[in-house]
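Below: one structure, written as structure tokens.
The values are calculated or read from the model by the stated rules, or taken from the named source; none is laboratory data. Fair warning: this is a prediction, and the values are worked out from it, not measured in the lab. With ideal geometry, Cβ positions are generated from the backbone for all residues, glycine too; neighbour counts draw on all protein chains shown.
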Amino acid sequence: MSDVLTRRQLGRATLARQLLLARADRSVLSVVEHLGGLQAQQPFSPYYQLWSRLRGFEPSALAGPLLDRSVVRIAAQRGTIHLLSVPDALSLRPWVQPLYVADLRTNAEHAKSLAGVDVEAVAAAARELVDAEPRTMAELGALLTPSWPSAGAAHLAHAARALLVLVQVPPRAVWGQSGQTRLTTVERWLGRPLDGSVPPSEWVRRYLGAFGPASVADLQTWCGLTRLRAVVDELRPSLRAFRDESGRELFDLPDAPRPGADVPAPVRFLPDFDNVLRSHADRTRVIDDVTRKRMNRRNGVVPHALLVDGEVAGWWRLEDGVLTVTPYRPLSASEVADVEAEGRELLAFALPPEAVEGADVRVLPPE
């Protein structure tokens, strides 16, 4: 019979892997690789993710690798933009490429307009265009339209994005700078080919190291692929099996950290789309189902998450030098003090030095 892990034990294990129980003294590149990339739909979200995990993190420690091409921003797992190391970008995207091919058939918004279009020819034409110079999606679509006038510019650009591995080039996502999303191929940007030699079993082990213990469904949620049971079963002799309180089978690396349920979990300010909140089918280890529904806003805006005692306990926003925290439950006096203290550290990180003195942390009554 497999050992049973409580929801709280699972939470502490995942937080330990995510470097959210204690900030680490590690390089940016090693952490980006350990976490299997950082979700990066919003350009500056990865900076906040790293600040919450690394001791003494400064924005230049990530801006530099973006500029020197040690890390790149590409569409990867789940069809979303991730910031990845170069080796991971070149090998992870080929593994999840079936997601993008399937999307061309199943995405109702685009599939009808692309019916009968030779999408491989579209991709070949698009490669020439974005390798000549980085282009926005709008520019790319407009340049492709004369050859396929019936398809529509946006649909043609979408086909190119699905079949090519496109990098969002700087200054996009460089701290303190701004820029449109301009794209070129990863091969052009890095001068290296894609690498399809990394076996799926390696990605399963990488996932468990950063997010485990986890079920097959959790793994599939993280990457967006299906039918991975056979890969996990192949690894089973080298993994340790557990059960959660509902009886679901979980897998983990034998020597991975699994701290006790009573280990303290400090307050953490997580940005929108942090992978720790999006990489399990059952996310109750860090956010209960009621809170999760409250965080899914109808307008599509995802609020930043406040972790208290290892679970989402509210949301936050930073505007005009004021960090406003809205809890979902009453916070004790000591929890409020911890939120305010961590909030002041966040202000010191996020604001220019001259703006910090007049900045403020406001903890509102529960929503």
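Checked against the criterion of being in contact with a strand residue (DSSP E or B) (Cβ under 6 Å, 6 or more places away or on another chain) and in a helix (DSSP H, G or I), the candidates Leu235, Leu208, Leu219 yield just one match: Leu208.
Comparison of Val198, Val174 shows that the only residue that is surrounded by fewer than 17 Cβ atoms within 10 Å (Cβ to Cβ) and in a loop (DSSP other than H, G, I, E, B) is Val198. Of all the criteria given as (1) in contact with an Asp or Glu (Cβ under 7 Å, 6 or more places away or on another chain); (2) in a helix (DSSP H, G or I); (3) under 28 Å from Val169 (Cβ atoms), the one not satisfied by Leu10 is (3).
Do we have Gly64 as within 19 Å of the chain's Cα centre (by Cα), under 17 Å from Leu38 (Cα atoms) and surrounded by fewer than 22 Cβ atoms within 10 Å (Cβ to Cβ) here? Here the answer is no, as Gly64 does not meet what is asked. When each of Val301, Val322, Val339 is tested for being crowded, with 20+ Cβ neighbours inside 10 Å and of a type in the set (Val, Ile, Thr), the lone residue that passes is Val339.
Beta carbons closer than 6 Å, at least 6 apart along the sequence or on distinct chains, pair a first residue in segment 297-322 that is assigned by TED's automatic domain parsing to the domain that holds Arg344 and under 17 Å from Gln42 (Cβ atoms) with a second that is part of a loop (DSSP other than H, G, I, E, B) and among the acidic types (Asp, Glu) for Val302/Asp272; His304/Asp272.
Please state which one of Arg69, Arg78, Arg93 is outside the structural domain of Val301 (by TED's automatic domain parsing) and not in a helix (DSSP H, G or I). Walk me through it before giving the result.
On the way: Arg78 fails: not in a helix (DSSP H, G or I); Arg93 fails: not in a helix (DSSP H, G or I).
Unique residue meeting the criteria: Arg69.
Filtered by the rule that a residue be part of a helix (DSSP H, G or I) and not hydrophobic (A, V, I, L, M, F, W, C), segment 21-66 gives Ser30, Glu33, His34, Ser45, Pro46, Tyr47, Tyr48, Gln49, Ser60, Gly64, Pro65.
So which of Arg172, Arg236, Arg227, Arg205 is of a type in the set (Lys, Arg), under 30 Å from Glu128 (Cβ atoms) and either assigned by TED's automatic domain parsing to the domain that holds Leu38 or out of contact with any Phe, Trp or Tyr (no Cβ under 6 Å at 6 or more places or on another chain) (or both)? Please lay out each step first, then the result.
On the way: Arg236 fails: under 30 Å from Glu128 (Cβ atoms); Arg227 fails: under 30 Å from Glu128 (Cβ atoms); Arg205 fails: under 30 Å from Glu128 (Cβ atoms).
Just a single option satisfies the conditions, and that option is Arg172.
Can you spot a residue in segment 259-269 that is outside the structural domain of Arg78 (by TED's automatic domain parsing), of a type in the set (Val, Ile, Thr) and farther than 25 Å from Val312 by Cβ? Within segment 259-269, none of the residues are outside the structural domain of Arg78 (by TED's automatic domain parsing), of a type in the set (Val, Ile, Thr) and farther than 25 Å from Val312 by Cβ. Put simply, of Arg298, Arg258, Arg329, Arg283 the only residue that is part of a loop (DSSP other than H, G, I, E, B) and at pLDDT below 95 is Arg298.
Counting only residues that are in contact (Cβ under 8 Å) with a residue 40 or more places away in the chain, over 16 Å from Ile74 (Cα atoms) and crowded, with 18+ Cβ neighbours inside 10 Å, segment 124-155 holds 2 of them.
When segment 158-171 is filtered for residues that are in a helix (DSSP H, G or I) and not small (Gly, Ala, Ser), the ones remaining, listed by number, are His158, Arg161, Leu163. Within segment 152-196, the set of residues being among the acidic types (Asp, Glu) and over 22 Å from the mean Cα position of the chain (by Cα) comprises just one member, Glu187.
Thr106 meets all of the listed conditions (1) under 27 Å from Trp203 (Cα atoms); (2) polar (S, T, N, Q); (3) touching a residue at least 12 places away in the same chain (Cβ under 8 Å) but one, namely (3).
For every residue, the table says whether it meets (1) in contact with a Pro (Cβ under 9 Å, 6 or more places away or on another chain); (2) outside any helix (DSSP H, G or I); (3) crowded, with 20+ Cβ neighbours inside 10 Å.
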{"residue": "Glu245", "(1), (2), (3)": "no, yes, no"}
{"residue": "Pro266", "(1), (2), (3)": "no, yes, no"}
{"residue": "Phe273", "(1), (2), (3)": "no, yes, yes"}
{"residue": "Ser279", "(1), (2), (3)": "no, yes, yes"}
{"residue": "Gly314", "(1), (2), (3)": "yes, yes, yes"}
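Restricted to segment 178-195, and to residues there that are touching a helix residue (DSSP H, G or I) at 6+ places or on another chain (Cβ under 8 Å) and in a loop (DSSP other than H, G, I, E, B), the residue that is farthest from Ala256 (Cα to Cα) is Thr181. Scanning segment 103-122 for residues that are surrounded by 15 or more Cβ atoms within 10 Å (Cβ to Cβ), under 26 Å from the mean Cα position of the chain (by Cα) and assigned to a helix (DSSP H, G or I) yields Asp103, Leu104, His110.
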